[in-house]
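Only the coordinates and a few stated rules stand behind these numbers; no lab work does. All values derive from a computational prediction rather than experimental measurement. Cβ atoms come from the backbone with ideal geometry, glycine included; neighbour counts cover every protein chain shown.
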Amino acid sequence: MISVRRHNAGFCRSHFIEHIHRQVARTISDHHMFDAGERLVLGVSGGKDSLALWEILTQLGYRVDGVYLHLGIGEYSSDGLRLSRRFASERDLSLRVIDLGTEHGFSIPEAARLTSRVACSACGLSKRYLLNEAAAEMGYDVLVVGHNLDDEAAVLLGNVLRWEVDYLARQRPVLPTADGGLVRKVKPLLRVAERETAAYAVLRGIQYEIEECPMAAGNTINRYKEWLNRLEEQSPGLKAQFLFGFLDRGAAYFPPDPPELLACGECGRPTPGETCSFCRLKKVTVLRIARRSA
Ligand code: FES
Ligand code: ZN
């Protein structure tokens, strides 16, 4: 029996799986994420969320391709790639691999060390850039990401604690297509908590990367997740109320005000400034790598 306290419900194996499928199907339709004929690509890490989501969408009848970003984070990256490849080949799904080292000349640990940036921030901006670039270049209509309820609630908490109004305006289940090459980005796992994606993956026999990213230990989002979990223990359902209350009643106070996008002077991809943040990160990191080996 799997209990979901915020729904005040317990499920057997098959009803739990159905419940998760229903939650995702409802999220896709409530937020008009995509239509049956659109081309979908999913950002895959080898972790429970992305592999569970790939399975759920496939079970719901969608054809979804995957893209794996090799970020050069030691065994964590190689295990993630191995598990993603195995998942895709067992189900005859297409997986494209983008290697940050081979294609751009640096890894996330190098970028973090050589620019004194927090690893997760260098990683986050690289992922956003590379996933969008891959989706746009391969002609997909929609980029699907595996952010779950816990991820979104923790990001919301961080944005509220600092009143990051620009980020609050962008915290939506669907980020629409924009001229110049921004592909629509959607989050179908919004209604599924982290422990539920793990339970789903186990029940479906999915082997996923269990280790957390070593670069993310102690990061702020993980701390917010712990705080929210403590509140959730005392008041089941509070995390979902916080997130869905914001989306239903709070988000309207933070209307999106998308900046005018220009073409990056280096790579040509859309950016609000002259050079996009990925090209700036890449330039500094690659330069410092070259200096060190000179
Ligand atoms: Fe991005 Fe770990 S996966 S810092
Ligand atoms: Zn650029």
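Taking only the alpha-carbon positions of the stretch 56-208 and ignoring solvent, what does the Debye formula give for the base-10 log of I(q)/I(0) at q = 0.16 Å⁻¹?
With one equal scatterer per Cα and no solvent, log10 I(q)/I(0) is -1.15.
Using DSSP, restrict attention to beta bridges with both residues in the chain and report what percent are antiparallel, rounded to the nearest 5. Write out the running numbers ahead of the final one.
On the way: 8 of 24 bridges.
Once the DSSP bridges in the chain are tallied, antiparallel ones form about 35 percent.
So how strong a dipole does the chain carry about its Cα centre when Lys and Arg Cβ are +1 and Asp and Glu Cβ are -1, to the nearest 20 debye?
Numbers: 38 positive and 36 negative charges, 90 e Å.
Charge dipole, the chain, about its Cα centre: 440 debye, nearest 20.
May I ask for the equivalent-ellipsoid semi-axes of the chain, computed as the square root of five times each C-alpha gyration tensor eigenvalue and listed largest first in whole Å? All intermediate terms of the calculation are to be shown ahead of the outcome.
Details: eigenvalues 181, 101, 83 Å².
Ellipsoid semi-axes (Å, largest first): 30, 22, 20.
How many percent of all Cα-Cα pairs in the stretch 194-266 sit more than 16 Å apart?
Values: 1890 of 2628 pairs.
When all Cα pairs of the stretch 194-266 are counted, 72 percent exceed 16 Å.
Could you tell me whether the stretch 1-94 comes out rounded, prolate or oblate from its Cα gyration tensor? Rule is a ≥ b ≥ c as square roots of the eigenvalues, rounded for a/c under 1.5, then prolate if a/b exceeds b/c, otherwise oblate.
On the way: a/c = 2.14, a/b = 1.38, b/c = 1.55.
Judged from the Cα gyration tensor, the stretch 1-94 comes out oblate (a/c at least 1.5, b/c at or above a/b).
Quote to one decimal, in nm, the extra length available between ARG113 and SER78 on full extension: 0.36 nm per residue of separation minus the C-alpha distance between them. The partial results should precede the final answer.
Working: separation 35, 0.36 × 35 = 12.60 nm, distance 2.02 nm.
Gain on extension, ARG113 to SER78, equals 10.6 nm.
May I ask for the angle, rounded to the nearest 10°, between helix 74-91 and the longest principal axis of the chain, with both axes built from Cα atoms and the value confined to 0 to 90°?
60
Output the peptides 251-260, 155-164 sorted from most to least packed, where packing is the average of other Cβ atoms within 10 Å over each peptide's residues. Spell out each step's value before the answer.
Working: 251-260: 11.5, 155-164: 15.6.
Taking the mean over residues of other Cβ atoms within 10 Å, the ranking is 155-164, 251-260.
When TYR167, TYR224, TYR68 are ordered from fewest to most other Cβ atoms inside 10 Å of their Cβ, what list results? Can you show the working numbers first?
Numbers: TYR167 15, TYR224 19, TYR68 24.
Result, fewest neighbours first: TYR167, TYR224, TYR68.
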